[in-house]
1. Give the residue, chosen from Asn310, Asn325, Asn341, that is over 22 Å from Asn187 (Cα atoms) and modelled with pLDDT under 95.
2. Just name the residue that is farthest from Ile330 (Cα to Cα) out of those in the range 246-274 that are surrounded by fewer than 19 Cβ atoms within 10 Å (Cβ to Cβ) and touching a His at 6+ places or on another chain (Cβ under 8 Å).
3. Can you confirm whether Leu179 is in contact with a Leu (Cβ under 6 Å, 6 or more places away or on another chain), under 30 Å from Gly326 (Cβ atoms) and not basic (Lys, Arg)?
4. Any residue in the range 349-363 that is under 18 Å from the mean Cα position of the chain (by Cα), within 29 Å of Gly241 (Cβ to Cβ) and hydrophobic (A, V, I, L, M, F, W, C)?
5. Checking Gln213 against (1) more than 28 Å from Gly306 (Cβ to Cβ); (2) modelled with pLDDT under 95; (3) surrounded by 15 or more Cβ atoms within 10 Å (Cβ to Cβ): exactly one of these is not met. Which one?
6. I want to confirm something. Restricting to the range 176-221 and keeping residues that are assigned to a loop (DSSP other than H, G, I, E, B), farther than 22 Å from Leu315 by Cβ and out of contact with any His (no Cβ under 8 Å at 6 or more places or on another chain), which single residue is farthest from ligand 2 (Cβ to nearest atom)?
7. So which residues in the range 233-272 are part of a loop (DSSP other than H, G, I, E, B) and at pLDDT below 85?
8. Identify, please: which residue in the range 83-110 is farther than 16 Å from Lys151 by Cα and outside any loop (DSSP other than H, G, I, E, B) and is, among those, nearest to ligand 1 (Cβ to nearest atom)?
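The values are calculated or read from the model by the stated rules, or taken from the named source; none is laboratory data. Since we're looking at a predicted model, the values are computed, not measured. Glycine also receives a Cβ, built like all others from the backbone with ideal geometry; neighbour counts cover every protein chain displayed.
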Amino acid sequence: MTIIKAQEVIKNEFQKRGEDYPIKDGERTLPGKYYHSEEIYKEEIEKIFYKYWIFACRAEELAEAGDYKLVQVEDESIIILRETETEFKAHFNVCRHRGTQLCVEEKGKFENNSIQCPYHAWTYGLDGKLKAAPMMKEENGFTKDKCALHKVHIHNWEGFLFISLAVEPIPFEVQMEGLMGKWADYNLSELRIAHKIEYKLKCNWKLILQNYQECYHCPGVHPLLTQLTGVQSARHDFEDGAVIGGYMELTKESMTMNGEAASKPICDVDGDDIKKVYYYSVFPNMLLTPHPDFVLFHHITPDGPGKITNNCYWLFHPDAIKDKNGQAGIKSAVEFWDITNKEDWAVCEQMQFGTKSIRFTRGYYSGREDILHKLDKELIKVLGHKDPHAEFDSDS
Ligand code: FES
Ligand SMILES: [Fe+2]
């Protein structure tokens with residue numbers, strides 16, 4: 001189906017339902033500098049990535065007490081660890097003696113419940129408290145109490161560990177209001193990582209979020225995907241705040257190479273959810289896609305204005321992962337999304353390139369991209385910038 005034909009189908013569908021289409025065409029996009037400027041990128045890191053709750057890793061990546069993983073957030077290395085069966089902690093990876101990085105291995109286990117600096121052997125508990133500073137007396141104002149590792153706030157939502165580098169972050173439940181009580185039947189904490197692919201992309205982190213929130217591009221970019229979900233079925237559940245998203249209706253059973261379910265529905269998924277695939281952006285660094293039978297999510301790590309690492313995970317129920325007969329289903333879900341991901345990455349990288357042109361000032365959104373316009377406005381507000389929509393009103 002050509003793009004033009006697909007848009008006619010969409011328009012007709014809206015008209016049949018008596019809804020307005022397009023919602024509102026012609027809103028302006030961000031100026032190109034928002035995808036390329038080092039200065040704006042630095043501001044985004046300080047005002048968003050060092051301040052907001054951001055996704056860090058899955059709880060099951062830290063299977064036992066003492067297991068840790070390092071997460072890099074621009075210049076900051078953060079230690080995420082499991083303290084007990086149910087408790088997690090996060091610390092800045094910085095020794096309180098003279099600032100040495102405590103550990104460099106990306107993953108590992110702290111033996112004896114201790115984190116020891118390799119330089120002069122200051123030793124901390126998993127809770128970050130300084131336990132030993134060899135040969136040092138508590139004098140001249142130095143006390144062990146004052147020298148706990150700098151705390152990073154951590155929150156476990158359904159097996160997804162989020163951190164905030166802010167000294168006093170806004171409550172997790174406030175930033176992530178849209179996630180509260182969402183997908184309770186999916187028991188997301190019970191799921192396990194069946195597969196992971198790391199993608200290195202040459203584009204700005206915002207382009208991936210934008211791409212994820214519109215299916216205007218689907219008819220032309222995703223021939224396989226459009227056979228499995230009706231483009232016209234896209235609906236938004238939430239449009240405000242850090243969590244935005246909606247769902248599309250499945251025309252077959254799931255998003256796999258042949259459209260068949262990759263496994264049984266996960267946990268207690270039932271009713272309408274059997275026919276839905278959700279697409280949620282958890283601003284600023286996670287994209288979450290629950291299907292009836294598995295969950296796909298992306299963890300986006302910016303690495304400069306024009307580069308990101310995108311780790312893509314497929315979560316399945318542990319029974320499906322253990323089942324030898326279930327491997328074909330997992331493979332099919334991985335293959336389908338790997339193909340679809342690469343289709344998206346290609347256009348995002350081309351957009352990164354095109355928006356650098358001296359002739360690109362800013363573009364025009366279609367009504368089907370209204371959520372992107374809202375995302376832009378939110379970004380401008382968070383950065384405290386003058387609204388470029390007003391600034392550029394006279395340009396073309
Ligand atoms: S810098 Fe860590 S113990 Fe000296
Ligand atoms: Fe896409």
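1. Details: Asn310 fails: modelled with pLDDT under 95; Asn341 fails: modelled with pLDDT under 95.
Answer to the check: Asn325.
2. Only one residue tops the list, namely Gly246.
3. Judged against the criteria, Leu179 is not a match.
4. Among the residues of the range 349-363, not one is under 18 Å from the mean Cα position of the chain (by Cα), within 29 Å of Gly241 (Cβ to Cβ) and hydrophobic (A, V, I, L, M, F, W, C), which makes the answer no.
5. (1)
6. Within the range 176-221, the first condition is being assigned to a loop (DSSP other than H, G, I, E, B), and the residues that meet it are 176, 180-183, 187, 191, 202-204, 213-217.
Checking the rest, the ones that are also farther than 22 Å from Leu315 by Cβ come to 202-204, 214-217.
If we keep only those that are out of contact with any His (no Cβ under 8 Å at 6 or more places or on another chain) as well, we get 202-203, 214-217.
Values: Lys202: 17, Cys203: 13, Glu214: 8, Cys215: 7, Tyr216: 10, His217: 6 Å.
Per the criteria, the residue is Lys202.
7. Of everything in the range 233-272, those that are part of a loop (DSSP other than H, G, I, E, B) and at pLDDT below 85 turn out to be Ala234, Glu239, Asp240, Gly241.
8. Gly108
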